[in-house]
Amino acid sequence: WKKGLAKLELTDSLYRYYFTGEWKCYNRKGELEKLEYYEKGHMIKDVLFKTSELPSFNDSLAKQIKVLYNLYYQYADSVNYVKRNYGAQTYQYKRMMKLEFANDSLIKLGIESITSKFGYPPKEMVGEEYVTLFFLISSYDLSIKEKYYDLIVSASDNGVLSKRDVSFFIDKVKVGRKEPQIYGTQFRWKNDNPVY
């Protein structure tokens with residue numbers, strides 16, 4: 001359940017409806033679990049709270065994971081823009097790639113710090129950010145996937161991560177190792193047909 005303010009504006013000949021200001025988010029028991037803050041429909045920040053459903057919630061850990069997620073996208077648009085407009089052999093592109101590499105190093109250090117201290121943090125500890133960590137690990141190359149392979153599989157076995165999502169992860173690792181897939185989730189297109 002959410003409670004807050006919204007605006008309806010007429011711009012030119014179109015109506016625009018969007019959230020604004022503070023929104024209170026409640027769980028099924030009616031407990032305040034999150035405050036969200038919006039500017040013109042875009043959430044600019046949120047504050048999470050411990051509830052009876054999330055009694056071991058660690059707000060600072062959830063924020064740390066969110067910071068890693070934001071870092072992941074920090075240079076993505078710039079790298080693509082520079083490559084498209086200047087080319088991959090230019091100084092500008094090489095400079096952006098150095099920044100992207102340094103940024104990725106920070107993210108990988110953050111993942112290592114979190115997992116070495118907490119293992120794979122469950123939803124009760126970090127709220128919805130528990131899937132963000134899985135996304136980050138899944139997005140990197142084979143060496144990172146292999147590094148956290150046992151942690152991810154164990155999190156699935158313990159009910160922390162969905163078995164369906166982890167099946168994609170397992171098959172990605174298998175394909176990266178040039179081994180047969182287990183679940184058949186990975187394919188590429190060849191002559192308008194999927195090849196597994």
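The values are calculated or read from the model by the stated rules, or taken from the named source; none is laboratory data. Note that the coordinates shown come from a computational prediction; the quantities given were computed from them, not determined experimentally. For neighbour counting, all protein chains shown are included, and Cβ atoms are generated from backbone atoms with ideal geometry for every residue, glycine included. We work out accessible area using only protein heavy atoms, side chains counted, and drop any ligands, DNA or RNA first. Shrake-Rupley method; radii C 1.70, N 1.55, O 1.52, S 1.80 Å.
Assuming R0 = 30 Å, what is the FRET efficiency of D12 and K83, from their Cβ-Cβ distance, to the nearest 0.05? Can you show the working numbers first?
Values: r = 35 Å, r/R0 = 1.17.
According to the calculation, E is roughly 0.30.
Remark: the stretch 59-196 carries 62 Å² of accessible area per residue (probe radius 1.4 Å; ligands, DNA and RNA excluded). Here the gap between N70 and Y140, fully extended at 0.36 nm per residue and compared with their Cα-Cα distance, gives a gain of 23.7 nm. Which entry is the computed Cα Rg over 2.2 N^0.38 Å for this structure: (i) 0.94; (ii) 1.26; (iii) 1.11? After the calculation, the listed value that fits is (ii).
Given a 1.4 Å probe and the protein chains as shown, K163 ends up with an accessible area of around 130 Å². If you take the square roots of the eigenvalues of the alpha-carbon gyration tensor of the stretch 94-196 and sort them as a ≥ b ≥ c, do you get rounded (a/c under 1.5), prolate (a/b over b/c) or oblate? Oblate. Within the full protein context, the accessible area of L32 is estimated at about 60 Å² for a probe radius of 1.4 Å. Per-residue accessible area (protein heavy atoms, 1.4 Å probe) orders K63, K174, K98 as K98, K63, K174, starting from the largest.
Approximating the spin labels as points 7 Å out from Cα along Cα→Cβ, the R188-to-S154 distance works out to 3.4 nm. Please list, in order, the residues from the stretch 137-162 whose amide nitrogen is less than 19 Å from a point placed 7 Å along the Cα→Cβ vector of E112. From the stretch 137-162, the list is 137-152. Ordered by 1.4 Å accessible area with all protein chains kept, W1, W189 run largest first as W1, W189. Separation of the stretch 109-183 and the stretch 75-103 by C-alpha centroid, Å? With the stretch 109-183 and the stretch 75-103 each reduced to a Cα centre, they are spaced 28 Å.
Among the listed pairs K3/K45; K2/K123; K50/K108; K117/K145; K2/K117, those whose Cα-Cα separation exceeds 26 Å are K50/K108; K2/K117. The largest accessible area among F168, F134 belongs to the first residue in F168, F134, and the rest follow in falling order (1.4 Å probe, all chains).
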